[in-house]
1. Taking only DSSP H segments of four or more residues, each worth -39500 (n - 2.57), what value at 222 nm results for the chain once the sum is divided by all its residues, to the nearest 500 deg cm²/dmol?
2. Give the shape of segment 297-372 as rounded, prolate or oblate, defined through the alpha-carbon gyration tensor: a ≥ b ≥ c are the square roots of its eigenvalues, a/c under 1.5 means rounded, and otherwise the shape is prolate if a/b is larger than b/c and oblate if not.
3. How much accessible area does Tyr192 have with a 1.4 Å probe, in Å² rounded to the nearest 10?
4. Among the listed pairs Lys290/Lys310; Lys75/Lys432; Lys358/Lys413; Lys75/Lys534, which have their C-alpha atoms separated by more than 20 angstrom in this model?
5. Under 20 °C and 1.002 mPa s, how fast does segment 159-198 diffuse according to Stokes-Einstein, given a Kirkwood radius computed over C-alpha pairs? Answer in µm²/s, whole number.
6. Explain nothing, just the number: dipole magnitude of the chain about its Cα centre with +1 on each Lys and Arg Cβ and -1 on each Asp and Glu Cβ, in debye rounded to the nearest 20.
7. If you take every DSSP beta bridge whose two residues both sit in segment 450-559, what share of them, in percent to the nearest 5, is antiparallel?
8. Mind checking the per residue accessible area of the chain for me, 1.4 Å probe, whole number of Å²?
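The values are calculated or read from the model by the stated rules, or taken from the named source; none is laboratory data. All figures in this text were calculated on a predicted structure; none of them were measured in a lab. As a convention, Cβ positions derive from the backbone with ideal geometry for all residues, glycine included, and neighbour counts pool all protein chains shown. The accessibility values were calculated without ligands, DNA or RNA, using every heavy atom of the protein model including side chains. Shrake-Rupley method; radii C 1.70, N 1.55, O 1.52, S 1.80 Å.
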Amino acid sequence: MTPSITSKSLRFSFSIAPSHSKSNPYPKIPLPNPKFHQFPQPLLRLKPISAVQSKLLVPDAGAIVVDRVTEAELKENGFRSTRRTKIVCTIGPQTCGFDELEALAVGGMNVARINMCHGTREWHRQVIEHVRRLNEEKGFGVAVMMDTEGSEINMGDLGGATSAKAEDGEIWTFTVRTLGLDCPDRTITANYDGFAEDVKVGDELLVDGGMVRFVVTEKIGPDVICCCTDPGMLLPRANLTFWRDGSLVLERNAMLPTISSKDWLDIDFGIAEGVDFIAVSFVKSAEVIKHLKSYIAARSPKNDIAVIAKLESIDSLGNLEEIILASDGAMVARGDMGAQIPLEQIPSVQENIVQLCKQLNKPVIVASQLLESMVEYPIPTRAEVADVSEAVGQQADALMLSGESAMGHYPEKALAVLRSVSLRIERRLREKRHSTLEVQTMSSSLHIGIQEEMCNAAVKMANKLEADALFVYTKTGHMASLLSRNRPDCAVFAFTPNSSVRRRLNLRWGLIPFCLSFSNEMESNLKRTFSLLKARGMISSGGLIIVVSDQLRSIQVINVP
């Protein structure tokens, strides 16, 4: 290897020669446009895009496409300003309109989540259409995640009411009878036919992991009579769990399938609508994930839908590695998990899952109650900010808003809090000059092993040289994910010709996905990339770039000419 130095650039490259490989409908609710207080950082000001300009957002052989917000950040603040932690927003009645979705996209939403527990398929279809239109007309790159309902026991729809208050000492009836809209007062339906058979007098019934608590006092046929011991607000479709003598009662759902008949219909809907991710609720084993991926592959020729395992049941904790390996990513669903394990175990379980996902190169989302108080209030509690900071400090790929963005009064403010806290904690981690994550080789395949070692070396080189950015040219997104896995100090520019790959990379820590066609001629690719990025004002001359490619098995160190 002989480095060559010119007055304009420093180039250092090596390549690895190929070797033989081993073998209820949501109504449209108007949302006010609140002014931000001092705590969240102000959002970037984006200029409107004309109809003519919007045509340029469609990728072609000579164009480069990147999310509009990221482009504005790069222009204003440079390479290292970009947020590494991604944000998933659950879409609900407060945020389902086109304008509200655009406000979330401007605020930094990377993935829009639709929850099949609520709303009709027609409502969800309209949300998906809005997101696609935002991407096509406004220059965003938001992905869509569909979340299945799962087969755990849930409450019904409260006779059409948005909520109900259970007071201390009140008597409530839980039943498996079909009551429709003429539901008697203080009567709640349950979605499991064996509900009354499995429960016993004296059992504790926890709603939403303990937000409301009842004690079973009597059983009359299909009805279970309960006394409220911990008052609170009951919400439609809330999760129900039973505890007996201090232990979770598991018999009630031992025979329930992970994916229900309704879930399969919803999955068909998601495949037909071309969602980017399908999140599977209450995963207990890897076999469920493998079965679903085979099902998707048979019905989606491109097989470009990623499967996310939601880890929220006590059964999943004994099979974590197998489930994560089988999936395309994981979600730490702390709300339902907190109903099945002692609360004091949740922080360590979250940390274990995040670290395991990083080692296995799977994106991980930390979800549930991150900013729960912001459903009602315009600023979070300090404890919530500390909780978000801990998840960012663990370097989880993404954080997720649930009720805060779906039904809360301040969805844009909640998003701004996640954004500002993430930026601050990430900056602090870089200032501390933390060491590069030591990752283990995952694959026995020589081909994949070479890619892993290349990416590990590239990140170590980038950190040591304090590079401005890593560039990766990838058709499948795999090498980009390997770079993200190492959690480099600098941002990763991931160039792919595939728009669906670009959207899926939106869930990966530290990646800035671009849609760009490229060839096997790396010099030509770099020259054209630099020209396009400089023309858009996203990079400037002199920046130090580390370049890797999954086609040529090469690493280059180069200054932007």
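1. -10000 deg cm²/dmol
2. On the way: a/c = 2.07, a/b = 1.82, b/c = 1.13.
Taking the square roots of the gyration eigenvalues as a ≥ b ≥ c, segment 297-372 is prolate.
3. Taking all protein chains as shown, Tyr192 has close to 40 Å².
4. Among Lys290/Lys310; Lys75/Lys432; Lys358/Lys413; Lys75/Lys534, the Cα-Cα distance tops 20 Å for Lys75/Lys432; Lys358/Lys413.
5. For these conditions, the coefficient is 189 µm²/s.
6. On the way: 62 positive and 66 negative charges, 640 e Å.
With Lys and Arg at +1 and Asp and Glu at -1, about 3080 debye.
7. Given both bridge residues lie in segment 450-559, the antiparallel proportion sits at roughly 30 percent.
8. I get 42 Å² per residue for the chain.
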